[in-house]
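Accompanying notes for the structure given below.
The values are calculated or read from the model by the stated rules, or taken from the named source; none is laboratory data. Just so we're clear, the structure is a prediction, and the values are computed from it rather than from any experiment. As a convention, Cβ positions derive from the backbone with ideal geometry for all residues, glycine included, and neighbour counts pool all protein chains shown.
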Amino acid sequence: MVFFWPSTAIVFHVAGVVIPSSNLKNLKIVPMRPQKDKSILGIEGTAWNLSAAIINEAGVIAEAESSYQPLKGGLHPRMAAQHHAAKIEDVVSRVLDKHGTDISAVAFSQGPGFGPCLRVVATAARALSLTFNIPLIGVNHCIAHIEIGRWLCGVDGPVVLYVSGANSQVLSYRDGRYRIFGETLDIGIGNALDKFGRHAGLQHPGGPKIEQMAKNAKNYVPLPYVVKGMDFSFSGLTTAAKDALAYASLEDVCYSLQETAFAMLVEVAERALAHIGKDELLLTGGVGANQRLCEMLNMMCQDRDASFFAPDKKFMKDNGAMIAYTGLLMLNKGATISIEDSAVRPNYRPDDVDVTWI
Ligand code: AMP
Ligand code: MG
């Protein structure tokens, strides 16, 4: 059966799986390799960044990415999926060209994320698993953000502040799961910054531009500070920041938005450290690139004799290495999935995952 995938690539059904024909080009079938010295291919593409990487126990071997940049407005799931479908052959081929096709397993972001984007990535991962005859691993994207941070920072059981576009959570591992101690009640901090940025005429993504603008601020403008128990909310704060542009400069509002939102995150992270009795905090997610957020978290940790950890920012944003590394941890515990069980999970929560590798 032949039909059209988003964009123009022709796809085939093989063993009930939809495979873009372009992904089959140049691939040869290799026998299943022994499980020592494993190299894992990871593919990420839950939203804006399509990224592939090959890693082994020693480190990241090859990386490639292509990010979707909307011409105007925010991220559109269908447009992002079309970008991913158009670029996935190139991105995966670049890492395979660098490392060779001798890989032990293919891991992919199973969720959470935009359904159309997740389906492009899952389809490619299934195709590679079948073609190379290697195990398929469905990775929870949020947990991958945590695991790459733990790996690169060498930190064992931290409280984690995970701040990205769609997600904002405070988590820690306990009894076989990452437990969520606090989370956003509405939008993620990254989405809040990006929404405000678009309103103020800054091109997506707004987060980094707001950070620059904030450096030239002169005054703090009071904005709503919304922490409820261990949860936080950014929607009303974003609306109030938009309204504040009527009477304050863009620089002042950017600064005030950051200070208010980040103080909320710092408060909840600190309370989690205190309640759980931990003295290590790990920052992850794309918003972690913000220097002011790092400064505020570091200050809080110093005040309570805790240690603050943040990996290089290229591993805090969405990236294929985090999927490959979590795939390696899961492969070591036999947590592979069949094609039949590989449906994407747009609302996949980190506390749904049995963490067998800790
Ligand atoms: P992720 O989904 O984890 O890749 O994170 C993407 C989010 O990170 C977007 O909402 C960006 O606006 C945000 N972001 C990236 N760099 C910064 C920065 N320097 N300050 C604040 N937010 C940022
Ligand atoms: Mg992410």
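Which residues, taken from the range 273-306, are assigned to a helix (DSSP H, G or I), crowded, with 21+ Cβ neighbours inside 10 Å and aliphatic (A, V, I, L, M)?
Passing the criteria: L273, V287, L293, L297.
Residues in the range 190-198: is at least one outside any helix (DSSP H, G or I), in contact with a strand residue (DSSP E or B) (Cβ under 9 Å, 6 or more places away or on another chain) and touching a residue at least 24 places away in the same chain (Cβ under 8 Å)?
No, because not a single residue in the range 190-198 is outside any helix (DSSP H, G or I), in contact with a strand residue (DSSP E or B) (Cβ under 9 Å, 6 or more places away or on another chain) and touching a residue at least 24 places away in the same chain (Cβ under 8 Å).
Only one of these is within 18 Å of D354 (Cβ to Cβ) and part of a loop (DSSP other than H, G, I, E, B): G157, G138. Name it.
On inspection, the qualifying residue turns out to be G157.
Quick check on the range 293-320: of everything there that is within 16 Å of ligand 2 (Cβ to nearest atom) and more than 14 Å from Y162 (Cα to Cα), which residue is nearest to the chain's Cα centre (by Cα)?
Taking the candidates together, the pick is N319.
Please pick out the residue among S109, S93 that is more than 16 Å from ligand 1 (Cβ to nearest atom), within 19 Å of Y68 (Cα to Cα) and hydroxyl-bearing (S, T, Y).
S93
Could we say that I148 is within 29 Å of L75 (Cα to Cα), surrounded by fewer than 24 Cβ atoms within 10 Å (Cβ to Cβ) and out of contact with any Gly (no Cβ under 7 Å at 6 or more places or on another chain) here?
When the stated conditions are applied, I148 does not pass them.
Can you find, within the range 307-333, the residue that is nearest to V91 (Cα to Cα) among those that are touching a Pro at 6+ places or on another chain (Cβ under 9 Å) and not in a helix (DSSP H, G or I)?
Across the range 307-333, the extreme among qualifying residues is F309.
Any idea how many residues of the range 45-74 are assigned to a loop (DSSP other than H, G, I, E, B) and either closer than 14 Å to F315 by Cβ or in contact with a helix residue (DSSP H, G or I) (Cβ under 8 Å, 6 or more places away or on another chain) (or both)?
Total satisfying the criteria: 9.
Please pick out the residue among L265, L223 that is within 16 Å of V163 (Cα to Cα) and surrounded by 15 or more Cβ atoms within 10 Å (Cβ to Cβ).
Only one candidate passes the filter, namely L265.
Can you tell which of K209, K218 is in the same structural domain as V268 (by TED's automatic domain parsing) and assigned to a helix (DSSP H, G or I)?
K209
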